[in-house]
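The values are calculated or read from the model by the stated rules, or taken from the named source; none is laboratory data. This is a predicted model, so every value here is computed, not measured. A quick note on method: Cβ atoms are made from the backbone with ideal geometry, for glycine too, and the neighbour counts reach across all protein chains shown.
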């Protein structure tokens, strides 16, 4: 089962943070996602043919791993993906609606980095579009 915010996602822009102000709270409150203990990785965001706006996504270390809520992890509501890279066939970026402590709800772009590029540039999963999966 996917979790999705059915309202107008653009109307969340600039709102005060909800719940604990952590990224997970936004997904739990607006998309009715359960506690993170029950989250599983669904489709890889960059490989999905189509993702509905407002779908709950999160970083997972692998398609079979559970969500590990620690520094370097992230959860958000999907908005849209950018154009596909001709070399990789993957979107160059994704845009999400998210929040975290000390910051209002806001849209944000995550660029795609290959595993090798992410390692060389020290890009954490929470900043790499390639680490996001649809929450099941």
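Exactly one residue out of 56, 41 is touching a residue at least 24 places away in the same chain (Cβ under 8 Å), in contact with a helix residue (DSSP H, G or I) (Cβ under 6 Å, 6 or more places away or on another chain), surrounded by 17 or more Cβ atoms within 10 Å (Cβ to Cβ) and under 20 Å from residue 126 (Cα atoms), and it is 56. Within the stretch 44-53, being touching a strand residue (DSSP E or B) at 6+ places or on another chain (Cβ under 8 Å) and free of Cβ contacts under 8 Å to residues at least 60 places away in the same chain holds for 52, 53. Taken together, the residues in the stretch 5-25 that are loosely packed, with under 15 Cβ neighbours inside 10 Å, in a helix (DSSP H, G or I) and touching a strand residue (DSSP E or B) at 6+ places or on another chain (Cβ under 9 Å) amount to 1. If you filter the stretch 88-112 down to residues that are on the phi < 0 side of the Ramachandran plot and modelled with pLDDT under 95, you find that the one that is surrounded by the most Cβ atoms within 10 Å (Cβ to Cβ) is 100.
From the list 76, 120, 31, which residue is at pLDDT 95 or above, out of contact with any helix residue (DSSP H, G or I) (no Cβ under 6 Å at 6 or more places or on another chain) and over 25 Å from residue 6 (Cβ atoms)? Checking each option against the conditions leaves just 120. When you check residue 85 against the structure, is it at pLDDT below 95 and under 21 Å from residue 127 (Cβ atoms), yes or no? Considered against the rule, which asks whether it is at pLDDT below 95 and under 21 Å from residue 127 (Cβ atoms), residue 85 comes out as yes.
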